[in-house]
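Q: The structure's right below; bear with me while I get my questions together.
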Amino acid sequence: MVSKTDDIPASVPNCTPVDDVAEDGETALKEPCPCGHSAAAVVMNGNAGHDQAEEAESKQDGSGDADPSDDANEQEVIVIQDTGFTVKIQAPGTEPFDLQVSPQEMVQEIHQVLMDREDTCHRTCFSLQLDGNVLDNFAELKSIEGLQEGSLLKVVEEPYTVREARIHVRHIRDLLKSLDPSDSYNGVDCNSLSFLSVFTDGDLGDSGKRKKKGSELEQIDCTPPEHILPGSKDRPLVPLQPQNKDWKPLQCLKVLTMSGWNPPPGNRKMHGDLMYLFIVTVEERHVSITASTRGFYLNQSTTYTFNPKPANPSFLSHSLVELLSQISPAFKKNFTALQKKRVQRHPFERIATPFQVYSWTAPQIDHAMDCVRAEDAYTSRLGYEEHIPGQTRDWNEELQTTRELARKNLPERLLRERAIFKVHSDFAAAATRGAMAVIDGNVMAINPGEETRMQMFIWNNIFFSLGFDVRDHYKELGGDAAAHAAPTNDLNGVRAYGAVDVEGLYTLGTVVVDYRGYRVTAQSIIPGILEREQEQSVIYGSIDFGKTVMSHPKYLELLEKTSRPLKVQRHAVLNEKDSAVELCSSVECKGIIGNDGRHYILDLLRTFPPDLNFLPVEGEELSPESQKQGFPRQHRHRLACLRQELIEAFVEHRYLLFMKMAALQLMQQKANKESKTDTADSNGGCDSPLEGKEADETIPGLAQAKELAESLATDDGSDPKSREVVLNACKAVGSISNTSFDIRFNPDIFSPGVRFPEDSAEDIQKQKQLLKDAAAFLVSCQIPSLIKDCLDHTALPMDGATMTEALHQRGINVRYLGNVLEFVDKMPAKPQLEHVYRIGITELITRCTKHIFKTYLQGVELSALSAAVSHFLNCFLSSFPDAVAHLPADELVSRKKNKKRRNRVPGGGDNTAWASLTPSELWKNIASEALRYYHFTLQCESVDQAVEKYGLQKITLLREISVKAGIQVILIKEYNFDSRHKPAFTEEDILNIFPVVKHVNPKASDAFHFFQSGQAKVQQGFLKEGCELINEALNLFNNVYGAMHVEICACLRLLARLNYIIGDHPEALSNQQKAVLMSERVLGIEHPNTIQEYMHLALYCFANGQLSTALKLLYRARYLMLMVCGEDHPEMALLDSNIGLVLHGVMEYDLSLRFLENALSINSKYHGPRSLKVALSHHLVARVYESKAEFRSALQHEKEGYTIYKNQVTPPSHSRRFEPPLVQLCHQAAGFTAPSMASVLEQLNIINGIIFIPLSQKDLENLKAEVQRRQQLQDSGKIEEQQEDGQLALDDKIPVDD
């Protein structure tokens, strides 16, 4: 639900980005708008361009309105942009006010707005009436007769029911807690933390802050805290969560709770009593309140006597707030102040996130009485589910029905995607609560007689099972290790089939939760499956790993549709009667028709083919590339499979090979035609698919391959020569078809127990070869390409999560981490990859530690949990050599009775084995785990050796292990890891254990296409059009995801960058502020992405003249970066250059030098001493020396920079930039001036990769002509990538280097 406060731009762009939507859902994009924008408005220097930009704007507005036909078109396509209208709202006791609404909205959304507004927030039970008629809550506004611009809607108080009274009390409690961060710390109700407002002192949009520059300079205190300065070794934890002064909550009430007299007895029910509340006001007045159908009033009950009669006066009020305001002056004053503050907060600070984000640190929070929280804990909230009052949600039905919604045109698709996303996020939240309840022992098992590991549970219509090998199901595949890996493989399968989205094929809602050392799989329940045995239900696939196999024509037909996108080959296997059975998936994939008649597939753990590098098979030889690296290796389980990203990359690689080989043969044929020789021999040399690699060098570029593709396509196969060419190329690359390129994998190859028919032996041989090639491709192409990307900084991992993401994007599984590290270690350029190596080692150590921690926790009983976790962290991180566990000196002394009672909670048992763990033993285990799992030799026997040898930081290790294992530590003191006299952690320091949740992320496909088209336009230099497309994407994203989502964050960041380049600084600031808030809320306050967003925001603040804010933001970014990856990282150079420049601008020269010189040394290390980045760093340092009048040093640096520029062949514009400073320096007398803000901003732009090139009018004309020429070239599809000097670089990377 997007409330009106979300600040979402509802303006209709004048230029129509969309002409028409084609039938198949592809959006046809128009050529540049009729308004005739050119890129000219962008190319400006400093402020000179503003007038041009405005001129262009006004021109555009003029011509944009002149084309009514376009507008009509837009109406059909994007219904979201129906023009809004204004209605008047009249609520009791307030003045009528105007509200902007849109025809798509439901009446319910106006309710939400009123419940959020400061003056009407205390009402929940009301109806809206138009001319005396009550409006239906679920009606769309456009369907209401008589509702139009200026209509008056009356808010009419309605009688309460028990449900409405509960909702009212809950809402009042939410309002009272609206500034209290404890829900964010505790990770409930999708609340999460955000600290941006602490650094910006409220909203950034206030132009009132911009004082005259002169006076501002004196007021800035630029000195950063000691621990932020370059070279500081101190890494304090407390500043991670600065204290927000708004969070000292204004106390409105001491106690608000349900009374012990509930529920009302029968005779009182008949007087309209619904429930009783007990309240203690700030003035220490104890009152008992009746909630009745007519509202709330004081009754005469006390704690020990029941007297439900109204007190005198009873203060009967329709809302609880009105009643309390009358009896407690402090309540009235503080509640009003609280609501004022609440409404002033940025909406993005208070909207719920779609999925819960947990914080690994929190201060100690006082535990206050809270009736709603108490009630939630003991009911499963079922009575209160807003969607379907009074019954549990049928998750499966909801998940599948949303998939069945129509998707023919854009509005239908948006509605469908929005519904799918909403149900998924609700399901993930319910599944997480359920999984925690299961492990905490609060759910009764459906098979309570069995051993704890084998138990299964049902709660809230969700089925839960534990990740253990039950009934030796996975015995041949690796037992418990396989049972632990299967759920995530299955989830990847569900994700893949969900993305293909075939009509009529259904998957289960699946969430995998790791909590307290246990892995729990939560799934929605197929209707009817619990009434019958699995053997009877399965009509496709195998329930015993291929001994018995069944097939079904309908399933084959449905799965056939997924086989091309998922690259799964249709194949036959033998069943127990030795007859062949056709399958179009792996044998484990089971098909079950539910009682609802839908075709479900489940157990998708082998959707993708096996990874032969980790699957030694008797008598099979891997390719030499794999063998060279020491493969195949024994892995913990036999379920290791290749990632979908790898399959895609491999197929693309083979496609290029296919095209090149065909091109080569065609060229030979041409040559042979002249000499009339036979073509067949000329191809004899290329049997093995991989031999084609040598041919790569000789083959002309892809341009010819493209032409060839066209010539082959036009040939409709009639020409035997070209057919032969295709046939040979198909054979060589392992295509399953002989007439066209088509690579698919058989996922059952090498599955134990699966047998194939005799007649497919040759095919199976081909498939085996394909799998070996794919495994070889991973080690010989993908890993080197990852390292190459890290070397040229296109991949910049900053922590474990971004490292994992970089691996996954290239299809490399994390089990290859040891290989990647060895590869880096052997590189001659290892010093330039030190950051990657260090992050990789940190990741490897913390992952091994997590594996050990998982089994360690399983042996701990609940009452000893905090002691056990703190002991484990001491062994892992503390330098204290003999960490002794504090066995909880049991708070409840009597131990005798306990021996007999054996709890049956999965974490039960009086197990104190955990207490005997020692640091040296733990580190030995970590090293042996690294060797066994990652085949990597760690050369350290203690944490201090690891820190010493690999340059790690203990605080980073603590963050990584806490995030991975769901530990939350206290944030009120600094942890002294290096003390040799006492351990770093006590049991009081462990606040909580959170679940780590994996789930499917449904995508907004249309919005994403708009976003990509926008990016493409921007890269071609059409900024206006790009901007419109991205605005459009933002609208669509908001429609599907609501206001908070990672993808919206990326959208806002790009918009802000475009606004900035076009010269609209305030708009850039506003969008980037949203991006920062969203990144903090959705990804976490110290996520690498958040750090980058802070840096962008600082730049726009500086451009807006808010210098002190810019500095605060940069200092925050630097602090976070020190925490996350330490000082030695290429990104730190960019950050320090930014800080140094801003400090230079405010004339703090000495400080500025410290940062800029640090940036210079980091740049030299990671980019090589001769890179342009280093030249620029020299130039920046020289400018500061010049301002300090230290001309000799300045000259020295300018010279070095100039030399680098001269040696690197550059466009003259860059080296020109260096000549004037040299000349000036030589003539410089003793007088020196402070740098102008414009010059500082220009340098800031350059280091952040935004270059405005000063152009004359003539250059502009040439550029226009060039742009048009390119456009025509592109239309004819023959664009060559010739980068001209005038082409604008706009990218998140830094183009100065290119």
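The values are calculated or read from the model by the stated rules, or taken from the named source; none is laboratory data. Source: prediction; values computed, not measured. Don't worry about glycine lacking a Cβ; one is built from the backbone with ideal geometry, like all the others, and counts go over all protein chains shown. Ligands, DNA and RNA are excluded from the accessible area calculation, which covers all protein heavy atoms including side chains. Shrake-Rupley method; radii C 1.70, N 1.55, O 1.52, S 1.80 Å.
Q: What's the Kirkwood radius of segment 914-1016 in Å, using all Cα pairs?
A: Kirkwood radius, segment 914-1016: 17.5 Å.
Q: Oh, and also: Calculate the dipole size of segment 125-176 relative to its Cα centre from +1 charges on Lys and Arg beta carbons and -1 charges on Asp and Glu beta carbons; express the result in debye to the nearest 20.
A: 360 debye
Q: Sequence-distant or interchain residues sharing an amide H contact under 5 Å with residue 599, placed H: which?
A: 506
Q: For residue 254, which sequence-distant residues (separation of 5 or more, or a different chain) have an amide H within less than 5 Å of its own amide H, given hydrogens modelled in the peptide plane?
A: HN-HN under 5 Å from residue 254: 280, 281, 282.
Q: Per residue, what accessible area does segment 948-1035 have, given a 1.4 Å probe and all protein chains present, in Å²?
A: 37 Å²
Q: Magnitude of the Cβ-charge dipole of segment 823-879, K/R +1 and D/E -1, about the Cα centre, nearest 20 debye?
A: The dipole of segment 823-879 has a size of about 160 debye.
Q: Label residue 738 and residue 809 with points 7 Å out from Cα along Cα→Cβ: what is the distance between them in nm?
A: Here the modelled spin labels are 4.2 nm apart.
Q: What full-extension length gain, to one decimal in nm, is calculated for residue 336 and residue 458 as 0.36 nm per residue of separation minus the Cα-Cα distance?
A: Length difference between fully extended and current span is 39.4 nm.
Q: What FRET efficiency do you get for residue 758 and residue 668 if R0 is 51 Å and r is their Cβ-Cβ distance, rounded to the nearest 0.05?
A: Efficiency computed from Cβ-Cβ geometry: 0.85.
Q: Post the alpha-carbon centroid distance, segment 1093-1148 to segment 839-886, in whole angstrom.
A: Each part's Cα centre sits 35 Å from the other's.
Q: How large, in percent, is the carbon and sulfur part of the accessible surface of segment 724-880 at a probe radius of 1.4 Å?
A: C and S fraction of accessible area: 53 percent.
Q: Same structure again: Sort the following peptides by mean Cβ neighbour count (other Cβ atoms within 10 Å, averaged over residues), highest first: 1154-1163, 160-169, 625-634.
A: My ranking of the peptides, most packed first, is 1154-1163, 160-169, 625-634.
Q: What ³J(HN,Hα) values, in whole Hz, does the Karplus curve 6.51 cos²θ - 1.76 cosθ + 1.60 give for segment 1171-1181 when θ = phi - 60°, with x put for Gly and Pro?
A: 7, 5, 4, 5, 4, 5, 4, 4, 4, 5, 5
Q: How far apart, in nanometres, would the label points at residue 472 and residue 1273 be if each is projected 7 angstrom from Cα along the Cα-to-Cβ direction?
A: Using points 7 Å along Cα→Cβ, the separation is 6.9 nm.
Q: Just the number, please: Stokes-Einstein D of segment 956-1092 in µm²/s, Kirkwood Rh from C-alpha pairs, 20 °C, 1.002 mPa s.
A: For the chosen part, D equals 121 µm²/s.
Q: Using a 1.4 Å probe, what is the accessible area per residue for segment 568-644, in Å²?
A: Counting only protein heavy atoms, the per-residue value for segment 568-644 is 37 Å².
Q: Can you compute 3J(HN,Hα) from phi for each residue in segment 1109-1118, using the Karplus curve 6.51 cos²θ - 1.76 cosθ + 1.60 with θ = phi - 60°, rounded to whole Hz and x for Gly and Pro?
A: Whole-Hz 3J(HN,Hα) from phi for segment 1109-1118: 5, 4, 5, 4, 5, 5, 5, 4, 4, 5.
Q: If we count every other residue with Cβ under 10 angstrom of residue 97's Cβ, Lys/Arg +1 and Asp/Glu -1, where does the sum land?
A: Result for the local shell: -1.
Q: What is the percent of Cα-Cα separations in segment 447-539 that go past 24 Å?
A: Here the long-distance tail beyond 24 Å is 24 percent of all Cα pairs in segment 447-539.
Q: For segment 723-811, compute Rg over Rh where Rg is the Cα radius of gyration and Rh is the Kirkwood radius from the inverse mean 1/r over Cα pairs.
A: 1.13
Q: Quick one: dipole size for segment 746-803, taken about the Cα centre, charges +1 on Lys/Arg Cβ and -1 on Asp/Glu Cβ, in debye to the nearest 20.
A: Dipole size: approximately 140 debye.
Q: Rounded to the nearest 0.05, what FRET efficiency do residue 306 and residue 731 have when you use their Cβ-Cβ distance and R0 = 60 Å?
A: Efficiency for this residue pair is about 0.10.
Q: Where the centre of each part is set by its Cα atoms, how far does segment 1045-1085 sit from segment 617-666, in angstrom?
A: The distance from the Cα centre of segment 1045-1085 to that of segment 617-666 comes to 40 Å.
Q: Any chance you could check the Cα centroid distance between segment 391-416 and segment 800-838 for me, in angstrom?
A: If we compute the Cα centre of each part, the gap is 41 Å.
Q: Grab the Cα-Cα distance for residue 769 and residue 1019, subtract it from 0.36 nm times how many residues apart they are, and report the gain in nm with one decimal.
A: Gain in length upon complete extension: 85.9 nm.
Q: Expressed as a whole percentage, what fraction of the accessible surface of segment 436-533 belongs to carbon and sulfur atoms when a 1.4 Å probe is rolled over the protein heavy atoms?
A: Here it works out to 49 percent.
Q: Just going by the charge dipole of segment 461-540, with Lys and Arg at +1 and Asp and Glu at -1 on Cβ, which of 465, 498, 537 is farthest out on the positive end?
A: Value: 465.
Q: Tell me, what is the FRET efficiency for residue 174 and residue 499 to the nearest 0.05, using R0 = 35 angstrom and their Cβ-Cβ distance as r?
A: 0.45
Q: Expressed as a rounded percentage, what relative contact order does segment 977-1112 have, with Cα pairs under 8 Å and six or more residues apart?
A: Value for segment 977-1112: 14 percent.
Q: What is the extension gain from residue 561 to residue 1196, computed as 0.36 nm multiplied by their sequence separation minus the C-alpha to C-alpha distance, in nm to one decimal?
A: Full-extension gain reported as 221.9 nm.
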